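**Student:** Mind looking over this structure? Questions follow.
The values are calculated or read from the model by the stated rules, or taken from the named source; none is laboratory data. This is a predicted model, so every value here is computed, not measured. Cβ placement follows ideal geometry from the backbone for every residue including glycine, while neighbour counts extend to all protein chains displayed. Heads up: the accessible areas ignore ligands, DNA and RNA and are worked out on the full protein's heavy atoms, side chains in. Shrake-Rupley method; radii C 1.70, N 1.55, O 1.52, S 1.80 Å.
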Amino acid sequence: MSATSKDAAAATRKRPPLVIKTLRWKLGGPANGETTTKTALAAEEPLSPAAQLFHQPDFCCCIVAIMGCSTPLDVGVLKVGLEAMLVRHPRFSSIPVFDEAGRKKPRWVATNVVVDDHIVIPNLDPDVGGGTTSPDQVVEDYVTSLTSIPMDLSRPLWELHVLNIPTSDAAAVAVLRLHHSLGDGTSLVSLLLACTRKASDRSSLPTLPYQSRRPPPAAKNRTGGALLTVLLWLWAFLILAWNTLVGILVFTATALFLKDTQTPITASEGVGLRPKRIMHRTVSLDDVKDIKNAMHCTVNDVLVGVTSAGLSRYLSRSYGQGVDKDGKKNQVPSNIRLRSTLLVNIRPIPGIHDLAELMEGRDGGTKWGNLIGYLILPFTIAMYKDPLDYIRKGKAIANKKKNSLEAIFTYKSADFIVNFLGMKAAAALCHRVLSNTTLSFSNLVGPVEEIAFFDHPIVYLVPSVYGHPQAPTIHFQSYMNTMKIVVTADEKDIPNPHQLLDDLADSLQLIKAAIPPTI
């Protein structure tokens, strides 16, 4: 380490509760000691309605990406990588500007990026709790503390926390925190992956699983085939129209009066402003695929079913009825209405290669921003004797949402309300919809091989979000041959969130065990 780096490493900064002091890392540079990345001042761009929504007082959301690495984190290497790639993205080199007088719409304004202001290096006390706290718990508590600290709006809305503390499954942990106004979760995770390279070939971008699109209805080549094809298309259109109509009616009712059943995981007032605990568990992706193949469905169908099973187990225990070791013979109250909100990007997600080119100054017309709609996804709460019934129900529910234009309707509705009634009305509507549902749910697809984040091989990737008015959030993230189950919970409303995580993981194993053996 150079003398300049050592001197700079002594600088301190305001930090979360678990931090003794925070170091600001300098690697030398201009004569005045500041290390600044210059960005070309681009034309101002207005904030999208969704980006404005995420700056409302009751809806200030942030995205967290936790990366476990197999080697200690070299801050100098990370900084060089951030300067070369991430800060060249327009959103990561701009700040939101709000005209208090109301003469101009909120807009993104390009600014100079001081990378050192965005790298946080906490010194975590190794003797926290009298030496009885495990490193895993120290990292989990630190990330929890981050969710209670607002981001600084005077500089670009991202920061990287470097935790060089070995845990049970990683040599170090990097935590990337992003304001949700920078983009939707799927796009931001794609952008993060565009900053990585294959661990086996540092010049190649990650490879994501190929996702084939469903072919259009078609008839076999036989007499009357053309007529049958037309009838199939007509039937598909009628299903789409019906599912869309039902989705619109349910969404409208939810915005006006339709609330989920009050359960032990229902959020209380002020939940969006309280800190959240982010926990994760690794399960086998092969187990998920085995269930998918046996039930002739998709991975997403399986995860919807697993979530239904896990929530059912947790609620059964919470209602005092208990769950036996086989997860059977117990009942939960009937007719529980429990739904999640699911964000859907209306704009096609830029590919990893497109995003990499964007950060290299070759954008090729790549579009970016929050163009998102909502789906309301119901979960079946019941204690089935056959665990595979959860997958059957999940598949049926997911198929209806796949064959629906509900997300486009909700996006257009929000856009209409913003234009004619203002952002406060749109924010109130979105807040009401989320408040009347129970949780957020998502499933993100990750690389199929090991990747490296600026030359640091990644062991696991855990994304989450906080700041919305729901007590639990459940994410699934695939990576190589594993699947991460991520639970983000408000501990006031859910005092035992690790039990919910256990129930989700156990439900996957129970469903896997119920698959009939192949001959």
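**Student:** Would you mind getting the accessible area per residue of the stretch 134-211, heavy atoms of the protein chains only, 1.4 Å probe, in Å²?
**Tutor:** Accessible area per residue: 34 Å².
**Student:** Further question on the same structure: From largest accessible area down, sort Met480, Met67; use a 1.4 Å probe on the protein chains.
**Tutor:** Ranking Met480, Met67 by accessible area, largest first, yields Met480, Met67.
**Student:** Related question: Near Ile474, within a Cβ-to-Cβ distance under 14 Å, what is the net charge of the other residues, with Lys and Arg +1 and Asp and Glu -1?
**Tutor:** Summing Lys and Arg as +1 and Asp and Glu as -1 gives +3.
**Student:** Are there chymotrypsin sites (Phe, Trp or Tyr not before Pro) in the stretch 225-303 that DSSP marks as loop and that have at most 13 other Cβ atoms within 10 Å, and which are they?
**Tutor:** Taking the stretch 225-303 and a limit of 13 other Cβ atoms within 10 Å, the loop chymotrypsin sites (Phe, Trp or Tyr not before Pro) found are Phe257.
**Student:** Continuing with the same structure: Around Leu47, what is the net charge, scoring Lys/Arg as +1 and Asp/Glu as -1 over all other residues with Cβ under 9 Å from its Cβ?
**Tutor:** +1
**Student:** Hey, another quick one. What is the set of long-range amide H partners of Ala171 at a cut-off below 5 Å, with H atoms built 1.01 Å from backbone N?
**Tutor:** Cys69, Ser70, Thr71
**Student:** Let me ask something else. Taking amide H positions as placed 1.01 Å from N in the peptide plane, with prolines and chain starts having none, which residues 5 or more places from Val465, or on another chain, fall under 5 Å of its amide H?
**Tutor:** Amide H to amide H, under 5 Å and 5 or more residues apart or across chains, Val465 pairs with Val64.
**Student:** Let me ask another. Ignoring ligands and nucleic acids, what accessible area does Ser440 show with a 1.4 Å probe (Å², nearest 10)?
**Tutor:** Roughly 20 Å² of Ser440 is accessible to a 1.4 Å probe.
**Student:** I would also like to ask the following. Taking R0 as 45 Å, what's the FRET efficiency between Asp290 and Asn123 from their Cβ-Cβ distance, rounded to 0.05?
**Tutor:** Calculated value: 0.50.
**Student:** Quick one: with all protein chains in place, what share of the accessible area of the stretch 247-295 is carbon or sulfur, to the nearest percent (1.4 Å probe)?
**Tutor:** On the way: 1380 of 2350 Å².
So the carbon and sulfur contribution to the accessible surface is 59 percent.
**Student:** Taking 0.36 nm per residue of separation and subtracting the Cα-Cα distance, what length does fully extending Phe416 through Leu232 add?
**Tutor:** On the way: separation 184, 0.36 × 184 = 66.24 nm, distance 3.41 nm.
Full extension from Phe416 to Leu232 adds 62.8 nm.
**Student:** Which far-off residues, 5 or more places away or on another chain, put their amide H under 5 Å from the one on Thr482, with H placed in the peptide plane?
**Tutor:** HN-HN under 5 Å from Thr482: Leu285.
**Student:** Quick one: if the Förster radius is 41 Å, what FRET efficiency do Arg392 and Ile149 give, using the C-beta to C-beta distance and rounding to 0.05?
**Tutor:** In this case the efficiency is close to 0.40.
**Student:** May I pose another question? Quick one: plug the Kirkwood hydrodynamic radius of the stretch 414-519 (C-alpha pairs) into Stokes-Einstein at 4 °C, 1.567 mPa s, and report D in µm²/s. List each step's numbers first, then the result.
**Tutor:** Numbers: Rh = 17.0 Å.
In µm²/s, the coefficient rounds to 76.
**Student:** Would you mind getting the accessible area per residue of the stretch 408-519, heavy atoms of the protein chains only, 1.4 Å probe, in Å²?
**Tutor:** 37
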